[in-house]
Amino acid sequence: MIRHFVHLRFQGTVSPQDKSALYDDLAGLSGHIDGILDFQTRKNVSVETPLVRGFNDMFWFDFRDVAVRDAYLADPAHQTIGGRIVEKLEGGADGVFVCDIEL
């Protein structure tokens with residue numbers, strides 16, 4: 001299984017409702033791409049503020065395997081949602097950090 005972590009540094013003007021709508025759209029990919037096992041979103045609650053570097057929001061997907069992760073990355077619906085997210089991040093693509101791990 002692959003866990004795909006995405007850490008986000010949203011612009012200060014992005015409301016909780018805007019974030020929630022984006023996360024809802026991402027969650028909808030579970031019914032669109034076979035092999036997505038789970039989707040979660042959380043706030044970063046670390047007290048190591050200088051090391052957080054503003055990455056205060058995160059989500060992750062659990063994929064059955066690498067092939068599902070790769071299908072997700074290439075999926076047009078995912079790319080559209082991702083583009084909408086990047087538009088709301090500080091520094092655009094500099095406002096996202098991605099990490100995949102095997103479980």
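Every read-out reported here was derived from the displayed coordinates using simple, explicitly stated rules and does not represent laboratory data. Keep in mind that this is a model prediction, so the values were computed, not measured. Glycine gets a Cβ as well: all are built from the backbone with ideal geometry, and neighbour counts include every protein chain shown.
Got a sec? Which of G91, G31, G54, G83 is surrounded by fewer than 13 Cβ atoms within 10 Å (Cβ to Cβ) and touching a residue at least 40 places away in the same chain (Cβ under 8 Å)?
On the way: G31 fails: touching a residue at least 40 places away in the same chain (Cβ under 8 Å); G54 fails: surrounded by fewer than 13 Cβ atoms within 10 Å (Cβ to Cβ); G83 fails: touching a residue at least 40 places away in the same chain (Cβ under 8 Å).
It is G91.
So A77 passes all but one of these: (1) more than 18 Å from M1 (Cβ to Cβ); (2) loosely packed, with under 14 Cβ neighbours inside 10 Å. Which condition number does it fail?
Of (1) more than 18 Å from M1 (Cβ to Cβ); (2) loosely packed, with under 14 Cβ neighbours inside 10 Å, only one is false for A77: (2).
Would you check which residues across segment 72-102 are of a type in the set (V, I, T), more than 12 Å from the chain's Cα centre (by Cα) and within 16 Å of M58 (Cα to Cα) and list them? Please lay out each step first, then the result.
Step one: filter segment 72-102 for residues of a type in the set (V, I, T), giving 80-81, 85-86, 96, 98, 101.
Next cut, more than 12 Å from the chain's Cα centre (by Cα) only: 80, 101.
Hit for segment 72-102 is I101, nothing else.
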